[in-house]
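Bear in mind that the values in this text are calculations on the coordinates, not laboratory data. Just so we're clear, the structure is a prediction, and the values are computed from it rather than from any experiment. Methodologically, a virtual Cβ is constructed for each residue, glycine included, from the backbone with ideal geometry; neighbour enumeration extends over all protein chains shown.
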Amino acid sequence: MIGEKWTIYWNEFSSDTYLYGSEITFHSRNDVEFRNELMPSGTVIKQWYSKTNYQAQRIEPTLPMIDGESFYQIELNIDCAEGENCLGRLVFYDRFDKEAGSVTLRDSVTDFRCPLKTYSYRLQLINGGVKAFRFHSVVIREILDESEEDDEKNA
């Protein structure tokens, strides 16, 4: 069963976005066109954060707080040309900002569970050999098992 659901959009233009030679067009909140003919594969195109330092980065957190006790599903709503691909990567950090683990998102929908010691995390959109794409949104859903669902009904 599905618990909470969060939708993440590409809101800001230049903050943590690969801009060198990139053409970015914001058609609407859920339709961002990205084009870059010369960007190498493996480059991080865009990052979103669950925790930020506003004084240093001048952006607010856009990812929900999640914990290591629940299962989650993430859906990347991105339109790429045939044979091209955008990848996602979740990078988890502990209280001391040391990497505690990561998950690579190769499919449009992926189930994951973050490490127990996760304090914050980042979502990275990575070039997997794409020259242009349309970004719509990222949806994160909490997945409840039957025992959790029964507990909620009895409460």
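For the pair Ile143 and Ser102 in one chain, pulling the backbone fully straight at 0.36 nm per residue adds 12.9 nm over the alpha carbon distance. Hydrodynamic radius of the range 2-154 by the Kirkwood approach over all distinct alpha-carbon pairs: 16.5 Å. In units of the rule-of-thumb radius 2.2 N^0.38 Å, the range 64-107 shows an alpha carbon radius of gyration of 1.45. Ordering 76-84, 28-36, 43-51 by mean Cβ neighbour count within 10 Å, with the highest value first, yields 43-51, 28-36, 76-84.
Amide hydrogen proximity for Ser102: with H placed 1.01 Å from N in the peptide plane, the residues at 5 or more positions away or on another chain lying under 5 Å are Phe92.
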